[in-house]
1. How about Lys51: which lysines have a C-alpha closer than 22 Å to its C-alpha, ignoring those fewer than 8 places off in the same chain?
2. Could you go through the range 131-144 in sequence order and give the Karplus-derived ³J(HN,Hα) for each residue, using 6.51 cos²θ - 1.76 cosθ + 1.60 with θ = phi - 60°, rounded to whole Hz, and x for Gly and Pro?
3. Using only Cα atoms, figure out Rg for the range 17-64 and give it as a multiple of 2.2 N^0.38 Å.
4. When the Karplus curve 6.51 cos²θ - 1.76 cosθ + 1.60 is applied with θ = phi - 60°, which whole-Hz ³J(HN,Hα) does each residue of the range 100-107 get, with x for Gly and Pro?
5. Can you tally the net charge around Glu104? Count Lys and Arg as +1, Asp and Glu as -1, for every other residue whose Cβ sits under 9 Å from the Cβ of Glu104.
6. Taking Lys167 as the anchor, which lysines have their alpha carbon closer than 27 Å to its alpha carbon, excluding any fewer than eight residues away along the same chain?
7. With a ≥ b ≥ c the root eigenvalues of the C-alpha gyration tensor of the range 310-442, is it rounded (a/c under 1.5), prolate (a/b larger than b/c) or oblate?
8. Relative contact order for the range 310-442 using alpha-carbon pairs under 8 Å, separation at least 6, rounded to a whole percent?
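Please treat every number below as a calculation from the coordinates, not as lab data. If you're wondering where the values come from, they're calculated on a predicted model, not measured in any experiment. Cβ: placed from backbone, ideal geometry, glycine included. Neighbour counts: every protein chain shown.
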Amino acid sequence: MVTAAQQNSDDVYAYELWNEPNANWNNSWGNFDQVWKDTYHVVKAIAPNAKILGPSLNGWNGGGWMKSFLTYCRDNNVLPDYICWHEWNAANFPKEAQALDAMEDSLGITRRPISINEYGWKNELAVPGQMIHYVQNFENVNELDSACLAFWYNYGRMDNLLTNDQKPNGGYWLYKWYGDMSGQMDQTSTFNTNGALASIANTTSDKGQTSVILGGTSGDTTVFVNNLDTSKYGKFAKVEVNATPWYGVDTAVDSPKTVASGTVAVNNGSVSIPVKDMKASSGYQVVVTPTTDSSATGVQYVQPSAGDPIRVEAEDSALFGAKTTIQTKSSYPSGNKYVSGIDDTQSGVTFKPNALAAGTYKVEVGYANGYQDSAVDSVTLNNKPLQDLTMPYTTGWLDDSLNVHGTRRVVQYGNVDLNKGENTFTLQKKSGFAELDYVQFTPVTPNPTPTPTPVNPDNSNTDQTSSSTNTSSSSSAASSSCQQLNQPRRIITIQVLKRQLIASKYTPRRVCIVIRASTSPRTIG
């Protein structure tokens, strides 16, 4: 191992000497600080130029443990090259980084780059609308050098970016968009508040493309892109809006879907793009490029087709029963939410599929059943009883994270006939226990594809006040304007700056994966 490390030293980002000592250090092993010092010298003796990363705390936790550790390291000349802790709250990170800066200054320590080598809690991991908050807040802290998704789930998932069959899911495409960014990172006006709208943006070195990645909330948003290069853009620009959904970690997404495109007018170097009907768990990308078009077509949104599957989430449906409730504890379910507490025969969920055409539809149900016995629900379609639904054992519930096989399963119910318009499809407990994720109705004979219809942004009722967040600062002051996020429509203002905000080593950030076979991790880029 020593020989291999020496021969491949350029591939080693840093050595992590211990993981989460503030949570799992056994004092019978001796004093942690002394063990850190001894191990530090062993590593340096073998690889004098090696970088050391630590202390890899399980959270910032107010900074008390960190200060004691850094004080010891300063006094004994064993300071890590990268300061590391684990982050489970995206909005807290900028303030924690500021606290570290102040701590280092007070201790007379040269400020060191930060590595967050685990981030994303169990119910967040890889969900596009959750992870965009982390990416935004990491990009807004210049001291950050690397960030690694946490390892909660089964091996081979690339930290939840792949299904159990190693196929990309919705989270993969968010990180693909991010990894494809090059050139300069741009200034955005969204806030570092969890559950609010979050975004990052970039412009390529040749100024020929500006991309915005956004998400984290539901509803409509208008994206304003300012300071487009006049040597590249004439009177019009081509725009495209793409979406990557979250159907659960084990549902593959072949590629993002283009939901809108068109040509818009460039006014004083600015364009505006409406992003409509956003879902909080999904991620979105807006791409702006020059065009030779001589007129504006508006932004054309692809309309639903009668041939599209109709996916109805349990959390968006009518719940009944004393304990039936919506849960947000896991990234296994579609939409990052599911329904539990269907515990008695008077409880269940009524799904309301809205069909664009009457016809025969194949029905599948996403669910979990943590008991050995199968669960059985009665089924009613438009108040007419149908054959019961049987849901076999799934090895666990939808909030289980460390389950090897995954806990959400899909059962094929069979075919049903839907009316045009709204239908009711009710699942009611009959025996056993099951949690419900979604029901999908797929036309047996697909209908023609849709014709796009133009949608132009209407900003007459939109509060356009926005507070910009510079990517070279902590953005902690941005929360002062967050009340506008409660409005039906929101604004992102993207400033395409004349200077490069982030040095090349930060563009894009290092996105790493932590792999742990036992108590000793290794980090790969």
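1. Lys37, Lys67, Lys505
2. Going residue by residue, I get 6, 4, 5, 5, 4, 4, 6, 5, 5, 8, 10, 5, 5, 6 Hz, with x marking Gly and Pro.
3. 1.25
4. 5, 3, 5, 5, 4, 4, 5, 8
5. 0
6. Within the straight-line limit of under 27 Å, Lys167 reaches these lysines: Lys122, Lys176, Lys257, Lys279, Lys329, Lys337, Lys362.
7. prolate
8. 38
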